Amino acid sequence: MKENKAMQKLPPYLFARIEQKIAEAKEKGIDIINLGIGDPDQPTPRHIIDRMATSIYDTSNHQYPTSVGLLEFRQAVADWYKKRFGVNLDPKSEVVSLLGSKEGIAHISSAYLDQGDVNLVPDPGYPVYGIGTLLAGGEQYIMPLKEENGFLPVLEDIPSVIAQKAKIMFINYPNNPTGAVAGLDFFEKVVEFAKSYDILVCHDAPYTEVAFDGIKPVSFLQIEGAKDVGIEFHSLSKTYNMTGWRLGWAAGNKAAIEVLGRFKSNIDSGVFQAIQYAGIEALNGPQDSIEKMQALYEERRDACARGLARLGWQVKPPQASFYFWVPVPRGFTSASFAELVLEKAGVIITPGNGYGQYGEGYFRIALTVDKSRIDEAFDRLEKALGKVEL
Ligand SMILES: *Cc1c(COP(=O)(O)O)cnc(C)c1O
């Protein structure tokens, strides 16, 4: 009984060593400050929980849902896109519900790839793009995201023989882990590129509402012709602190939405309807929780920027997402620096190489703990490291 080659090919779980160290530190009673968690620490807004509570007593919600989602939920998604981005979507044919966007991102490759097909995958990046590709029997062509390019892939650098073979291009803005934001000009280029090479664009956009300094990240679907070539994955997880609820969607290209829906109808039976009603409440209900969420992260972001500056880092604070992407000091790798910081200061940061080879030399800080803990983390780091040399 042996797992298949795709499973064997999956990259080793890079955080295993760190998790071991956390367990050891906890056993010794050391107070750990975890700046590694990509999961909002605040609760889901109360009105959404209330809608869930009433929906759960409605026995008609206890049966199998449809895998594409309640029309009312897809309508709420369409209305939200119209309101937020000015994008028109047909809820019946251009929206499909997902058990969290991760599910759809992982499955889209299985619906589109034949053995040996190629996907264009950003690096550093959310690991699911590449893993979904490998599990589908495909291969990834890495698009490096470099600081000098604003952490955007350089499309001209993709060899045309690769582009001709490629089935899917994954992109993600606002970006995890770099915090980069893309503008309409970049998405325009992507649409043009995808058209000329017949590539399905999968834009992963869970952080459009996690933005600061008054900026409003755009949707890929705002570009004319985007729906001809792509879909956008989105989710309630980060916008409404709903990571545990597992509710997301894909929207855009009709054919791709139909394919993904048909694929899913063969392996899952959709999202618990009570959760979909909570999602409808989130999208249609009062939106003041978003401003509060933004203000909270912004305050933490500024505390983190001050802490980094105190230690000698001059990094540009992110304008969206809840991540800082920071170069490690001279003489360290991502892993060795993360280990040092844990050992000497009891602070957990995420080593950048966990997001791909181009993440080496960086680490990620998540703004998902109280400001007071961020301040404390930097006090400890200052004591342990002094000024860093970059
Ligand atoms: C959090 C996150 C997701 C998805 O989350 P779901 O909870 O599955 O909707 C997708 N992409 C990126 C880059 C993320 O950080």
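The values are calculated or read from the model by the stated rules, or taken from the named source; none is laboratory data. Quantities reported herein were computed from a predicted structural model and do not represent experimental measurements. We place every Cβ from the backbone using ideal geometry, glycine too, and count neighbours over all the protein chains shown. Accessible surface is based on the protein model in full, side chains and every heavy atom, while ligands, DNA and RNA are left aside. Shrake-Rupley method; radii C 1.70, N 1.55, O 1.52, S 1.80 Å.
Some observations on this one:
- Counted residues, segment 206-229 - those being closer than 18 Å to residue 248 by Cα, within 16 Å of the ligand (Cβ to nearest atom) and not in a loop (DSSP other than H, G, I, E, B): 1
- Screening segment 22-139 for helices (runs of 4 or more DSSP H) wholly inside it with 1 or more residues that are out of contact with any Phe, Trp or Tyr (no Cβ under 8 Å at 6 or more places or on another chain) and buried (at least 23 other Cβ atoms within 10 Å of the Cβ) returns the ranges 71-85, 101-112, 128-135.
Matching residues to (1) surrounded by 23 or more Cβ atoms within 10 Å (Cβ to Cβ); (2) assigned to a loop (DSSP other than H, G, I, E, B); (3) out of contact with any Leu (no Cβ under 9 Å at 6 or more places or on another chain):
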| residue | (1), (2), (3) |
| --- | --- |
| 341 | yes, no, no |
| 353 | no, no, no |
| 358 | no, no, no |
| 368 | no, yes, no |
| 372 | no, no, yes |
| 387 | no, yes, no |
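- Which listed residue is hydroxyl-bearing (Ser, Thr, Tyr) and out of contact with any Gly (no Cβ under 8 Å at 6 or more places or on another chain), from 237, 269: 269
- Qualifying positions in segment 315-338 - open to solvent by less than 10 Å² (accessible area, probe 1.4 Å), free of Cβ contacts under 8 Å to residues at least 60 places away in the same chain and of a type in the set (Ser, Thr, Tyr): 334
- So residue 258, is it part of a helix (DSSP H, G or I) and surrounded by fewer than 17 Cβ atoms within 10 Å (Cβ to Cβ): yes
- Among the residues of segment 140-170, the ones that are open to solvent by less than 50 Å² (accessible area, probe 1.4 Å) and either under 24 Å from residue 349 (Cα atoms) or in contact with a Ser or Thr (Cβ under 7 Å, 6 or more places away or on another chain) (or both) come to 6 in all.
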